[in-house]
Amino acid sequence: MAVNLEQAGLALILIGILLLVGKLVRTVTPVLQRIFLPTSIIAGTLALLVGPEVLGRVAGFGNGLFPEPVLDIWRTLPGLLINVVFASLFLGKTIPGFRYIWMVAGPQVAFGQSVAWGQYTFGILLAVLVLTPVFGISPMAGALIEIGFEGGHGTSAGLADTFEQVGFAEGTDLALGLATVGVVSGVLIGVAVINWGVRTDRTELLKRPAELSARELMGIPSKSEREPAGHQTPRSFSWPAA
C-alpha cells in the first residue's frame, strides 16, 4: 500500500476529530457518564456508523464518509500504535523498587497469568475437540480467545503477519471481532458489577454515580485536581482505553 503524507495526516486528523466528538457526546449524555463508557468506544461506534459497514452498506455510500486511503491507513495503525501504548505507560511516573512493585502488582500478575493460560487452555481444547474435527477450522483458532480478550485489538492486529504465515489469515478478523466483544461486554458487564458492589456497600473506595459531581461524571477534573505530568485534563476512565 503506497500512501503519501497528506493521506496519513488526514487519517490521523480524522481519528482526532472522532475522539473529540466522542468526548463531546459523552459530556452531554448522562447515561454514558453513569456507566463510565470510555470515549474511545463512543468514537469507534460513531466511526462504525458513518463508515463502510453501516452508512456505506445501508445508504449505498461505498466507504461512508471516509476515503479508501484513510481506511487503508487505519487498518495498519493498530499494529504500530500498540508500541506507543506500552512505550508511554510510565511517562511522567516514578518507578518504585522491585519489592514494592511485586507487593502491589503480584496479585494482579498471578491473576493475569491464570486468566491468560486459562484462555489458552479452554480455547485449544475447544479447537481440538469441536472446531477443527467438526467444522474444519484451523487449529490455530485455539489461540483466538487469549489473543482477542486478554490481548485486545492491538495484539490482534499486530499478529496479522503471524496468522498469514501459519495459513490462517482470517484469524486476524476473528481476533479483532472477539476483541470488540470483549471490550464492549467487559465495560458494560464490569460497570454493572461495580455499580452493584457500590450500591450494596461491598466497596469503600468507590462512590455511587449519584455521589459524583457533574464534572467528575463528565471525566473533566478542575484545574486544581489535574495531574501535573503532561497536564492531564480528562480523567482516565473517560478517555481512550488501551
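Could you tell me whether F168 is modelled with pLDDT of 90 or more and hydrophobic (A, V, I, L, M, F, W, C)? When the stated conditions are applied, F168 passes them. Would you confirm whether or not the range 27-35 contains a residue that is closer than 28 Å to D161 by Cα and without any contact (Cβ under 8 Å) to a residue 12 or more places away in the chain? Checked the range 27-35: no residue is closer than 28 Å to D161 by Cα and without any contact (Cβ under 8 Å) to a residue 12 or more places away in the chain. Checking the range 52-67 against the condition returns no match, with no residue being basic (K, R), assigned to a helix (DSSP H, G or I) and surrounded by 13 or more Cβ atoms within 10 Å (Cβ to Cβ). Within the range 33-51, the only residue that satisfies the criterion of being over 30 Å from V193 (Cβ atoms) and in a helix (DSSP H, G or I) is V50. Of all positions in the range 101-117, none carries a residue that is more than 21 Å from A143 (Cβ to Cβ), outside any helix (DSSP H, G or I) and touching a helix residue (DSSP H, G or I) at 6+ places or on another chain (Cβ under 9 Å). Among the residues of this structure, T121 does not count as one that is part of a helix (DSSP H, G or I), under 21 Å from G44 (Cα atoms) and among the hydroxyl-bearing types (S, T, Y). Only one of the numbered conditions (1) assigned to a loop (DSSP other than H, G, I, E, B); (2) surrounded by fewer than 16 Cβ atoms within 10 Å (Cβ to Cβ); (3) touching a residue at least 60 places away in the same chain (Cβ under 8 Å) is not met by T76, and that is (1). Considering only residues of the range 25-60 that are within 16 Å of V184 (Cβ to Cβ) and of a type in the set (D, E, K, R), which is modelled with the highest pLDDT? Ranking the qualifying residues of the range 25-60, first place goes to R26.
The values are calculated or read from the model by the stated rules, or taken from the named source; none is laboratory data. Note that the coordinates shown come from a computational prediction; the quantities given were computed from them, not determined experimentally. With ideal geometry, Cβ positions are generated from the backbone for all residues, glycine too; neighbour counts draw on all protein chains shown.
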